[in-house]
Amino acid sequence: MIRTAPEDVTQVVVSPKGAESMRRGHPWIFRSAVLDTCSMHGHDALGSICRIVSDKRERLGCGVLDPSSPIAVRVWGLGPDATLNAEVFRARVERALVLRRTLFADGDTTAYRILNGEGDRVPGIVLDRYADVAVLKIDGDAARHVAPEIMRHLEGVLRDEGITTLLDRHASRAGNAQSFGCAKDKRIEIRFGPARDKVHVTEHGVPFLVDVVRGQKTGAFLDQRENRRRVGELVTARLRAGRSARVLNLFSYAGGFSIRAALAGATVTSLDIAAQAHASAQESFKLAGIAPSKHEFITADAFAWLADAKRRGRTWDVVISDPPSFAPNERAKPKAIAAYRTLHRACADVLAPHGHLVAASCSSHVDAEEFAATLNDAALLRSDLSLLEMFGLPADHPTLPNFPEGRYLKFAVLT
Ligand code: SAH
């Protein structure tokens, strides 16, 4: 229930448990931790900037309210004086840009995340850069509601960085901006600049074509950049040691891992259920100077195809598995873990002796230890593989220390 606030600001009263979690730096206040909401409007408080107070009315910080979501408040600032306005947002964007300018100072990488939501203390707001195009993705109605006001200066800041087009993906309202349709009926708004779709970017000097309109997420999986490079290094190391490097890349999408492996000298089999994914992969292969005809592209369901490959006795020296999330919510977790075990066993079945098994998961509900357990001897039905390394997100995807939900990516290398 929303009551009229005594002061000219919406107040959210949180339980002692909610207050403790917030003090420790967790950026979400769940609906179950909200004791009371007092709004200056007395109604529809979606997207209101609110003051968060304890049950003893201590001022804990400020946030953005979404009364109908399980995450009732996203916390933007801690302490009695915390406020949220265009200036605060501008300062956070500037801080985020300083980090990226440092990370990518060599100019070899032109596709990276500028704003990583909670991790850059801009909850719900993701902004990815693809050379001179930026793509905005806003998570949750509340962030979208508050966005126009706090993002007033964004255009100027981005133009100063050399960005000439800003796209807004998953926009729910058409607004005044020019709009056009894209895959799966999702709408895209152009916030400024000319319309764009295919953008030429480089990742550690390797060229890729990214479709910012039809591509998944904001166009590409930027979170796997360092892991793609690691796959290249792994292939290089094998070849230098005089060992073979036949690579199977499962769930290959636009061919990120495949290109790094092929450039390092591997022969690559890329498998994806979507034929269109191979078309974009092959465009990027050519751009990188690799002949697609020297490699294999298979359109099939990975599970069924792996069973068939095992029957035919095919093996690979490096098997990479990077499937879509199997656990969209906490309830789906047991099923997801079972699916990872099945998949990893099938990967191990086609792994050549002394091969490398590379397994990734982007399910935030399955943590690193639970994921590692889907790669143990019992899961793989063999007892010769050890876990060499486990990686996660790259530095342009920062997270808050007390926000494990943000660290969704797991990337395990076994041999
Ligand atoms: N590894 C990729 C990202 C993978 S995204 C990268 O580094 O960029 C997941 C991919 O899995 C999508 O391209 C999707 O088409 C594919 N996919 C989903 N279900 C599949 C299945 N059952 N078999 C094979 N591919 C599947």
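The values are calculated or read from the model by the stated rules, or taken from the named source; none is laboratory data. No experiment lies behind these values; they were computed from the predicted model shown. Heads up, the Cβs are rebuilt from the backbone with ideal geometry, glycines too, and the neighbour counts pull from every protein chain shown. Just the protein is used for accessible areas: all its heavy atoms, side chains included, with ligands, DNA and RNA removed. Shrake-Rupley method; radii C 1.70, N 1.55, O 1.52, S 1.80 Å.
Which residue is farthest from the ligand (Cβ to nearest atom), if the candidates are limited to the range 277-336 and must be of a type in the set (Ser, Thr, Tyr) and part of a helix (DSSP H, G or I)?
Among those residues, the one meeting the criterion is SER293.
Here is a check on your reading of the model: is GLN224 open to solvent by 30 Å² or more (accessible area, probe 1.4 Å), at pLDDT 95 or above, under 23 Å from ARG129 (Cα atoms) and assigned to a helix (DSSP H, G or I)?
no
Which condition breaks for LEU287 when tested against (1) open to solvent by less than 10 Å² (accessible area, probe 1.4 Å); (2) within 30 Å of VAL213 (Cα to Cα)?
(1)
Out of the range 356-390, which residues are assigned to a strand (DSSP E or B), touching a helix residue (DSSP H, G or I) at 6+ places or on another chain (Cβ under 9 Å) and either open to solvent by 50 Å² or more (accessible area, probe 1.4 Å) or of a type in the set (Gly, Ala, Ser) (or both)?
Selection gives ALA359, ALA360, SER361, LEU387, GLU389, MET390.
So LEU306 fits all but one of (1) open to solvent by 60 Å² or more (accessible area, probe 1.4 Å); (2) farther than 24 Å from LYS198 by Cβ; what number is the exception?
(1)
Take GLU94 and tell me if it is buried (at least 19 other Cβ atoms within 10 Å of the Cβ) and not in a loop (DSSP other than H, G, I, E, B).
Against the criterion (buried (at least 19 other Cβ atoms within 10 Å of the Cβ) and not in a loop (DSSP other than H, G, I, E, B)), GLU94 does not qualify.
Go through the range 327-355 residue by residue and tally those that are under 19 Å from ALA372 (Cβ atoms) and either out of contact with any His (no Cβ under 9 Å at 6 or more places or on another chain) or of a type in the set (S, T, N, Q) (or both).
As a first pass, look at the range 327-355 and keep what is under 19 Å from ALA372 (Cβ atoms): 327, 333-348, 351, 355.
Remaining after also requiring either out of contact with any His (no Cβ under 9 Å at 6 or more places or on another chain) or of a type in the set (S, T, N, Q) (or both): 334-335, 337-348, 351, 355.
Qualifying residue count, the range 327-355: 16.
Can we say LEU239 is open to solvent by 30 Å² or more (accessible area, probe 1.4 Å), aliphatic (A, V, I, L, M), more than 12 Å from the ligand (Cβ to nearest atom) and in contact (Cβ under 8 Å) with a residue 40 or more places away in the chain?
no
Would you please list the contacts, defined by Cβ atoms under 7 Å and residues six or more apart or on different chains, that run from a residue in the range 128-154 that is free of Cβ contacts under 8 Å to residues at least 24 places away in the same chain to a residue that is basic (Lys, Arg)?
Every condition considered, no pair remains.
Any idea how many residues of the range 344-375 are closer than 20 Å to PHE251 by Cα and in contact (Cβ under 8 Å) with a residue 60 or more places away in the chain?
Within the range 344-375, residues that are closer than 20 Å to PHE251 by Cα and in contact (Cβ under 8 Å) with a residue 60 or more places away in the chain number 8.
Any residue that is of a type outside the set (Phe, Trp, Tyr), open to solvent by less than 60 Å² (accessible area, probe 1.4 Å) and within 21 Å of ARG228 (Cα to Cα) - is there at least one of those in the range 328-338?
Among the residues of the range 328-338, not one is of a type outside the set (Phe, Trp, Tyr), open to solvent by less than 60 Å² (accessible area, probe 1.4 Å) and within 21 Å of ARG228 (Cα to Cα), which makes the answer no.
Residue by residue, here is whether (1) over 25 Å from GLY256 (Cα atoms); (2) open to solvent by less than 30 Å² (accessible area, probe 1.4 Å); (3) touching a Ser or Thr at 6+ places or on another chain (Cβ under 6 Å) holds:
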| residue | (1), (2), (3) |
| --- | --- |
| THR342 | no, no, no |
| CYS347 | no, yes, yes |
| HIS354 | no, no, no |
| PRO394 | no, yes, no |
| TYR408 | no, no, yes |
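For the range 199-221, enumerate the residues that are among the aromatic types (Phe, Trp, Tyr) and either crowded, with 22+ Cβ neighbours inside 10 Å or touching a strand residue (DSSP E or B) at 6+ places or on another chain (Cβ under 6 Å) (or both).
Result: PHE208, single match.
When residues of the range 260-288 are filtered for being without any contact (Cβ under 8 Å) to a residue 40 or more places away in the chain, touching a helix residue (DSSP H, G or I) at 6+ places or on another chain (Cβ under 8 Å) and not acidic (Asp, Glu), how many remain?
Selection size over the range 260-288: 12.
Go through the residues of the range 327-348 one by one and say whether even a single one is polar (S, T, N, Q) and within 24 Å of PRO404 (Cα to Cα).
Yes: one or more hits.
Checking the condition surrounded by 14 or more Cβ atoms within 10 Å (Cβ to Cβ), within 16 Å of the ligand (Cβ to nearest atom) and assigned to a helix (DSSP H, G or I), which residue from SER258, SER252 passes?
Numbers: SER252 fails: assigned to a helix (DSSP H, G or I).
The conditions single out SER258.
When the range 60-80 is examined, which residues are found to be part of a loop (DSSP other than H, G, I, E, B) and either at pLDDT 95 or above or under 10 Å from VAL12 (Cβ atoms) (or both)?
Passing the criteria: PRO67, GLY79, PRO80.
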